[in-house]
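First the structure, in the form of C-alpha cells, and then the observations on it.
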Amino acid sequence: MKTLEPILREHPFFEGLEPSYLALIVGCASNVVFKAGDVLFRDGEEANLFYLIRHGRLALELTSERGPFTMLTIGDGEILGWSWIIPPYHWHFSARAVEDTRAITLDGNCLRAKCEEDHHLGYELLKRFARILEDRLRATQLQLLDVYCPYPGEKR
Amino acid sequence: MSPGPCESPMRPQPYVVRGVRRETHDVFTLELEPAGDAAPLAFGPGQFTMLYAFGMGEVPISISGDPAGNTMLVHTIRAVGTVTRALERCRKGDVLGVRGPFGTCWPVDEAAGKDVVLAAGGIGLAPLRSVMYRLLARRERYGRIALLYGTRTPEDIVYRDELEEWRGRLDLNVQVTVDRAGSDWRGNVGAVTTLLPRAEFDPANTVAMFCGPEVMMRFTMLALMKRGLQAEQMYLSMERNMKCGIGLCGHCQLGPFFICKDGPVFPYDRVKWLFGREEI
Ligand SMILES: Cc1cc2nc3c(=O)[nH]c(=O)nc-3n(C[C@H](O)[C@H](O)[C@H](O)COP(=O)(O)OP(=O)(O)OC[C@H]3O[C@@H](n4cnc5c(N)ncnc54)[C@H](O)[C@@H]3O)c2cc1C
Ligand code: FES
C-alpha cells in the first residue's frame, strides 16, 4: 500500500521535522476528498482531527442570527484545526468546502497519545501550531481594524 | 533617477479629461491628456501628481497608468472628501490642473533577476499597477511575481478585468482577498497577510513592495520577515497631507523626511524606526 509519508514530508507544516517523527505521525493520517459545498464539521461538534490542505479551498464560518458568516478561507498548503490539542476538544466554527478539496486528516486521539509518550514530538507540533495561531490572530486583528474603510464608523 | 516636473513645478498645467471609468461605488479612474500640444508626462512607477480641481483645491494622487504608455495620464481616485469628490464629478472634456510628476519610484530595476512580491491594500493597488505594467513589459527579467491584493468587500475590488486577466497568466501568482463577504462570494476571505503562505518566493532573493494603510503594511512586513525577508528587501509608499509637493512647505514632514521629496516610496529600513509611532 502507498504510504502518505511523502505527502506529509512535502507539506509546509512538517518542514524540517525529523523523519522518525514523520514515520510515527503517518500512522495517524488518512486521505480525504471533499466536494464543493460539503460541510467538514460544524460549530460545537467534537474536534478530533486536523486537516492538512493539499489542494482546494475551505471556508471557516460562524453562524449568528443573521446567518452564516465567512471569517476566513484557507487553501493549498495550509492547516485547519487546533481544537484537537485544547480540551474539551470542540470546534468553535464550521468548515465548508468552497471548491473540491483534497486533504490529509490527522487523528487527534492518535496524535495526542504519541505526544504524551514523547514530549519532544509534542513540543515540535506545538511550535508549529503556535506559529499558525499567531498568524491567524494577527490576520484577524487586521481584519477587525477594517482598515480599508475610509469613513470611520461607517457601516456598509 | 525619477523623472521630474517639466516646467515650473508650482504652476499647474491644464489637462483635459478624456475618459472616466467607475471602478467601485466610491472609486473612479480618470484618463487625462495634456491640453493643446503639450508633451505627455514622463513618470516612473510610484510617482504622483498634484491634481487641481479648479476652485476646490489640490490633492496628491499616484499615477496608476503604464509608465511606457505615452499618451494618457491615468489616476485612480477614491472619493473621500472635498477635492476628491469634486474630481469625481468630472466628465469628459473638463479641464484639471496637474503638477508633477513628483517623488521617488518603486525599485523596479533593482528587482531584476529577483522574485517580486507586491502587496496592495484597498486603493493602494493604484500605484502598484504601474509596477505591474513595468514588470510585465520585461517579464523575462524577473523571477516569480506575486501580486497579493486585499480590500474590504468584493464590491470594493478595483481593476477587476485586469486582475482577472493577470490571474489567468501562468507566469503570475495573483491572489485577491476581502475582509468580509456575503455567502455568494467564491473567492478568498481574510486579511492580505493570509495570502502570503500561497506566494512562492526565495526569501534570500526577493524584493517586496507594499502600498496600503500603514497598519496593513506593518502587518505584512512582519509576516514577510517571518518568512525570512530582511528590512532592506522591502519598500513601501507613505502618505501624508501635502501642499507644495516639492519639499518647500513642510506639510508632509515625517520625522526627518518630506514624503513628497524623499518619498513616497521608501526602503523600509530607512523609515522603520518611524513606523507605527503616533507621536511623529
Ligand atoms: C503620495 C500620495 C499618493 C496618493 N495617491 C492616491 C491615489 O492614487 N488615489 C487616491 O484616491 N488617493 C491617493 N492619495 C490620498 C489622497 O491624496 C487623499 O485622499 C486626498 O488628499 C483627500 O483629499 P480630499 O480633499 O478629498 O479630502 P479631505 O476633505 O481632505 O478629507 C475628507 C475626509 O477624508 C479623510 N481622508 C483624507 N485623506 C484620506 C485618505 N488618504 N484615506 C482615507 N481617508 C482620508 C479625512 O480624514 C477626512 O475625514 C495619495 C496621497 C499621497 C500623499
Ligand atoms: S508637501 Fe510641501 S514639503 Fe512636502
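Observations, loosely collected:
- When Rg and the Kirkwood Rh are both derived from Cα coordinates, the Rg/Rh ratio for the stretch B:109-237 amounts to 0.94.
- For the residues of A:72-78, the average number of beta carbons from a partner chain within 10 Å of their own beta carbon is 5.
- Selection from A:Ser64, B:Met216, A:His11 lying farthest towards where the dipole of the protein assembly as shown points positive, charges on Cβ: B:Met216
- Highest mean packing first, where packing is the average number of other Cβ atoms within 10 Å per residue, the peptides B:11-24, B:120-133 line up as B:120-133, B:11-24.
- Mean Cα-pair separation over length for the stretch A:5-148, i.e. relative contact order, pairs under 8 Å, 6 or more apart, %: 29 percent
- For peptide A:94-101, the mean count of partner chain Cβ atoms within 10 Å of a residue's Cβ comes to 1.
- Expressed as a fraction of 2.2 N^0.38 Å, the C-alpha radius of gyration for the protein assembly as shown is 1.09.
- A straight chain from B:Lys272 to B:Arg89 at 0.36 nm per residue would run longer than the Cα-Cα distance by 62.1 nm.
- Average beta carbon contacts from partner chains per residue of B:146-152, 10 Å cutoff: 2
- Value at 222 nm in deg cm²/dmol, rounded to 500, when DSSP H runs of n ≥ 4 in chain B each add -39,500 (n - 2.57): -4500 deg cm²/dmol
- P(r) tail, chain B: Cα-Cα pairs separated by more than 31 Å, 24% of all pairs.
- Nearest 10 degrees, 0 to 90: helix B:214-226 Cα axis against chain B principal axis: 30 degrees
- A:Tyr21/A:Asp76 FRET efficiency (R0 22 Å; Cβ-Cβ; nearest 0.05): 0.40
- Accessible area of the protein assembly as shown divided out per residue, in Å², using a probe of 1.4 angstrom: 46 Å²
- Two-site FRET efficiency, B:His251 against A:Gln141, from Cβ-Cβ distance with R₀ of 30 Å, rounded to 0.05: 0.45
- Ligands, DNA and RNA left out, the accessible area of chain B computed with a 1.4 Å probe is 49% carbon and sulfur.
- Simple point charges give the picture: +1 on the Cβ of Lys and Arg, -1 on the Cβ of Asp and Glu, and for chain B a dipole about the Cα centre of about 180 debye.
- The angle between the Cα long axis of helix A:108-117 and the longest principal axis of the Cα atoms of chain A comes to about 50 degrees, rounded to the nearest 10.
- For GluC sites (Glu not before Pro), the sites in the stretch B:214-280 that DSSP calls loop and that have at most 10 other Cβ atoms within 10 Å are B:Glu278, B:Glu279.
- Accessible area buried between chains A and B, both sides summed, probe 1.4 Å, in Å² to nearest 100: 2700 Å²
- Diffusion coefficient (Stokes-Einstein, Kirkwood radius over C-alpha pairs, 20 °C, 1.002 mPa s) for the stretch B:7-120: 145 µm²/s, rounded to a whole number.
- FRET efficiency, A:Ile132 to A:Glu10 (Cβ-Cβ, R0 25 Å, nearest 0.05): 0.90
The values are calculated or read from the model by the stated rules, or taken from the named source; none is laboratory data. Small disclaimer: the values here were computed from a predicted structure and weren't measured. Note that we place each Cβ from the backbone using ideal geometry, even for glycine, and neighbour counts take in every protein chain shown. Only protein heavy atoms, including side chains, enter the accessible area calculation; ligands, DNA and RNA are left aside. Shrake-Rupley method; radii C 1.70, N 1.55, O 1.52, S 1.80 Å.
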